[in-house]
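Working notes, structure below.
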Amino acid sequence: MTCDICKKNEATVHLTQIIDSKMLKIDLCEACSKSKGLQEANGFSLADLQVGLGAAEEITGNAGAKCSVCGFTQADFKKTGRLGCSACWETFEQGLSGLLKAMHKSDRHVGKVPSKAAHTLVITERIKQLAGDLEQAIQSEKYENAAQLRDQIRELESQLKVTPVKST
Amino acid sequence: MKIDELLTKPSEWVRSDSPNSKIVMTSRVRLARNLRHVPFPGWAKKPDRQRALDLMRPVVEALPEMASCFSDSLDNLAALDKQMLVERHLISREHAAKNAGSGIVINDKETICVMINEEDHLRMQAIKSGLQLKSVFKTIDKVDTELEEQLDFAFSPRLGYLTACPTNVGTGMRASAMVHLPAMVLSDQINQVVQAVNKLGLAVRGLYGEGTEALGNFFQVSNQTTLGEREADVIERLNKVILQIIEHEENARCTLLEKKPRLVYDQVGRSYGILSQAHTISSKESLNLLSLMRMGVDLELLPAATRTIVDELFIAVQPAHVQRIAERKLTAEERDNSRAELIRQRLHDVPRPSHPPAADATELV
């Protein structure tokens with residue numbers, strides 16, 4: 001078994017940590033475990049360690065994907081363990097979900113919602129509703145009605161639009 | 001406000017009149033926030049980073065909490081000043097290494113501090129002395145709500161606040177308490193406690209956070225996860241665990257005094273002896289001895305007024321602080337000499353620690 005960090009030396013330190021009934025495992029060589037401070041009495045966190053090694057490898061299913069906003073790729077994540085911009089979370093969503101489940105209590109946020117986002121959520125919900133109405137209107141050939149609904153949707157969509165800061 | 005004004009006085013959070021401040025030095029909560037669709041600081045190119053800083057800094061400065069504050073771009077700060085900010089736990093080591101394109105805004109009491117373009121666009125934290133996690137969270141939550149009016153934060157209904165590192169996504173919150181556990185270290189119980197706390201999904205770290213040594217018997221206990229749990233629940237859980245740790249430490253102190261009084265009096269006496277008489281001393285030795293003196297104050301072997309002196313020394317004996325008093329860069333050896341002098345001066349009027357009561361003295365023999 002080789003070390004998870006240097007991938008060269010024989011792993012002689014084997015650690016297991018249970019966080020919220022999920023098991024994290026890591027195998028390290030003598031030198032790497034020392035350099036990560038695992039031989040000291042002050043404790044450590046495997047979740048921290050896994051970012052940057054196991055974590056990076058767990059992004060799968062997004063090979064070749066590139067963030068349209070910042071140009072970040074999966075290979076970049078492998079190097080740094082950090083993402084490029086907020087849009088990367090969508091670009092690499094699929095690959096990140098396994099990693100998030102291993103790292104956190106769940107893969108769903110239940111905490112604070114900024115009031116702006118709450119506003120956006122309301123609008124998005126309203127658009128969904130109107131889109132449903134629009135489809136019905138078209139099916140029942142109420143075209144005047146449909147045109148009105150379409151305008152309403154466009155109006156709401158324009159409220160949602162934000163101008164991203166262009167990368168130079 | 002100038003950096004000198006900020007750095008020449010002791011931090012407001014070094015106070016001993018707060019709840020549980022015997023064992024809990026400080027409570028802090030930090031929130032990570034990012035601007036939507038703006039590259040994260042680690043990935044952004046220089047002009048992007050600068051633009052983001054120029055956008056955020058005035059907004060942070062305009063907060064009512066920052067009416068009197070120190071604010072600057074990191075390239076304007078001397079290396080020594082940055083190191084002092086690290087020693088005062090106001091910025092991270094990573095942030096101290098940054099220059100143009102990153103900034104810092106700190107209120108005059110050093111209780112609220114916002115790092116701009118650290119790993120995330122904004123890392124805001126509130127600090128208070130003692131165990132006050134709920135009130136600290138309230139403070140920083142208000143700052144966040146005020147900032148969100150002006151700034152477009154990256155947020156996903158499913159994943160919460162989007163951060164550069166997947167370990168912070170969701171609430172972006174890290175709540176922590178700095179606990180002083182000399183008796184658990186002396187009685188070899190500390191590893192058990194660390195393991196128990198780890199099992200509860202909380203992290204235990206050293207004096208300066210991630211990957212640092214537990215100098216001076218100080219340990220930082222914080223939440224590990226940020227996704228899938230409400231902020232208030234995290235705080236509540238952490239608070240409960242800290243209360244238990246306090247109880248264990250207090251029990252360990254009582255047991256030590258009862259079973260091994262000689263060890264306790266000896267450790268406190270030696271710490272006082274060395275610190276008040278040394279002519280050269282490293283920061284590591286100082287911190288470890290100060291820790292035992294602090295326990296001596298808690299156990300009433302030293303007058304209560306000594307606590308503030310000791311708590312201030314924890315910060316003042318660190319390398320950058322020692323050099324600031326000397327007003328120049330010092331070699332390691334010169335630092336050790338100046339440090340010893342500073343400690344001798346501050347402890348000049350502190351009386352010797354008390355001896356065991358006569359009744360117990362026979363047991364000690």
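Filtered by the rule that a residue be touching a strand residue (DSSP E or B) at 6+ places or on another chain (Cβ under 7 Å) and under 17 Å from A:Ser86 (Cβ atoms), the stretch B:118-146 gives B:Asp120, B:His121, B:Leu122, B:Arg123, B:Asp144.
Per the conditions (1) surrounded by 16 or more Cβ atoms within 10 Å (Cβ to Cβ); (2) modelled with pLDDT under 85, the sole criterion not satisfied by A:Thr124 is (1). With respect to the conditions (1) under 13 Å from the mean Cα position of the chain (by Cα); (2) in a loop (DSSP other than H, G, I, E, B); (3) basic (Lys, Arg), B:Lys9 falls short on a single one, namely (1).
Yes/no matrix, rows are residues, columns are (1) touching a residue at least 60 places away in the same chain (Cβ under 8 Å); (2) hydrophobic (A, V, I, L, M, F, W, C); (3) in a loop (DSSP other than H, G, I, E, B):
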position: B:Leu289; (1), (2), (3): no, yes, no
position: B:Arg294; (1), (2), (3): yes, no, no
position: B:Val297; (1), (2), (3): no, yes, no
position: B:Leu302; (1), (2), (3): no, yes, yes
position: B:Leu313; (1), (2), (3): no, yes, no
position: B:Val322; (1), (2), (3): no, yes, no
position: B:Leu330; (1), (2), (3): no, yes, yes
position: B:Asn337; (1), (2), (3): no, no, no
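Here is the figure for the stretch A:112-127: residues that are free of Cβ contacts under 8 Å to residues at least 24 places away in the same chain, more than 7 Å from every other protein chain (Cβ to nearest Cβ) and either part of a loop (DSSP other than H, G, I, E, B) or of a type in the set (D, E, K, R) (or both) total 2.
Conditions tested, residue by residue: (1) of a type outside the set (S, T, N, Q); (2) within 14 Å of another protein chain (Cβ to nearest Cβ); (3) surrounded by 22 or more Cβ atoms within 10 Å (Cβ to Cβ); (4) touching a residue at least 12 places away in the same chain (Cβ under 8 Å).
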| residue | (1), (2), (3), (4) |
| --- | --- |
| B:Leu200 | yes, yes, no, yes |
| B:Gly206 | yes, yes, no, yes |
| B:Leu215 | yes, yes, no, yes |
| B:Glu229 | yes, yes, yes, yes |
| B:Val241 | yes, yes, no, yes |
| B:His248 | yes, no, no, yes |
| B:Cys254 | yes, no, no, no |
| B:Glu258 | yes, no, no, no |
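Do you know which residues across the stretch B:37-56 are of a type outside the set (A, V, I, L, M, F, W, C) and crowded, with 21+ Cβ neighbours inside 10 Å? Scanning the stretch B:37-56 gives B:Pro39, B:Pro41, B:Asp48, B:Arg49. The set of residues from the stretch B:161-181 being part of a strand (DSSP E or B) and within 10 Å of another protein chain (Cβ to nearest Cβ) comprises B:Tyr161, B:Gly170, B:Met173.
With respect to the numbered conditions (1) modelled with pLDDT under 85; (2) in contact with an Asp or Glu (Cβ under 6 Å, 6 or more places away or on another chain), which one is the sole condition not fulfilled by A:Gly43? A:Gly43 satisfies every listed condition except (2). For the criterion of being touching a residue at least 12 places away in the same chain (Cβ under 8 Å), surrounded by 24 or more Cβ atoms within 10 Å (Cβ to Cβ), touching a His at 6+ places or on another chain (Cβ under 8 Å) and within 11 Å of chain A (Cβ to nearest Cβ), B:Met184 passes.
Yes/no matrix, rows are residues, columns are (1) over 30 Å from B:Leu257 (Cβ atoms); (2) in contact (Cβ under 8 Å) with a residue 60 or more places away in the chain; (3) under 22 Å from the mean Cα position of the chain (by Cα); (4) crowded, with 22+ Cβ neighbours inside 10 Å:
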site	(1), (2), (3), (4)
B:Leu159	yes, yes, no, yes
B:Asn168	yes, yes, yes, yes
B:Thr171	yes, yes, yes, yes
B:Ile190	no, no, yes, yes
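When the stretch B:30-72 is filtered for residues that are under 17 Å from B:Lys109 (Cβ atoms), assigned to a loop (DSSP other than H, G, I, E, B) and not aliphatic (A, V, I, L, M), only B:Ser68 remains.
Quick one: is B:Lys134 free of Cβ contacts under 8 Å to residues at least 60 places away in the same chain, over 17 Å from B:Ala62 (Cα atoms) and assigned to a helix (DSSP H, G or I)? When the stated conditions are applied, B:Lys134 does not pass them.
Against the definition (away from chain A (no Cβ under 13 Å) and either among the acidic types (Asp, Glu) or within 21 Å of the chain's Cα centre (by Cα) (or both)), how does B:Leu263 come out, yes or no? No; evaluated as a whole, the condition is false for this residue. Residue count for the stretch A:128-165 under the criterion of being assigned to a helix (DSSP H, G or I) and touching a strand residue (DSSP E or B) at 6+ places or on another chain (Cβ under 8 Å): the result is 0. Across the stretch B:29-39, the number of residues qualifying as modelled with pLDDT under 95 and within 26 Å of the chain's Cα centre (by Cα) comes to 0.
Against the conditions (1) under 24 Å from B:Gly172 (Cα atoms); (2) more than 14 Å from chain A (Cβ to nearest Cβ); (3) buried (at least 21 other Cβ atoms within 10 Å of the Cβ), B:Val59 satisfies every one except (3). Could you list, in sequence order, all residues of the stretch A:63-111 that are touching a residue at least 24 places away in the same chain (Cβ under 8 Å), more than 7 Å from chain B (Cβ to nearest Cβ) and under 9 Å from the mean Cα position of the chain (by Cα)? Of everything in the stretch A:63-111, those that are touching a residue at least 24 places away in the same chain (Cβ under 8 Å), more than 7 Å from chain B (Cβ to nearest Cβ) and under 9 Å from the mean Cα position of the chain (by Cα) turn out to be A:Thr91, A:Phe92, A:Gln94, A:Gly95.
The values are calculated or read from the model by the stated rules, or taken from the named source; none is laboratory data. Note that this is a predicted model, so its numbers are computed, not measured. A quick note on method: Cβ atoms are made from the backbone with ideal geometry, for glycine too, and the neighbour counts reach across all protein chains shown.
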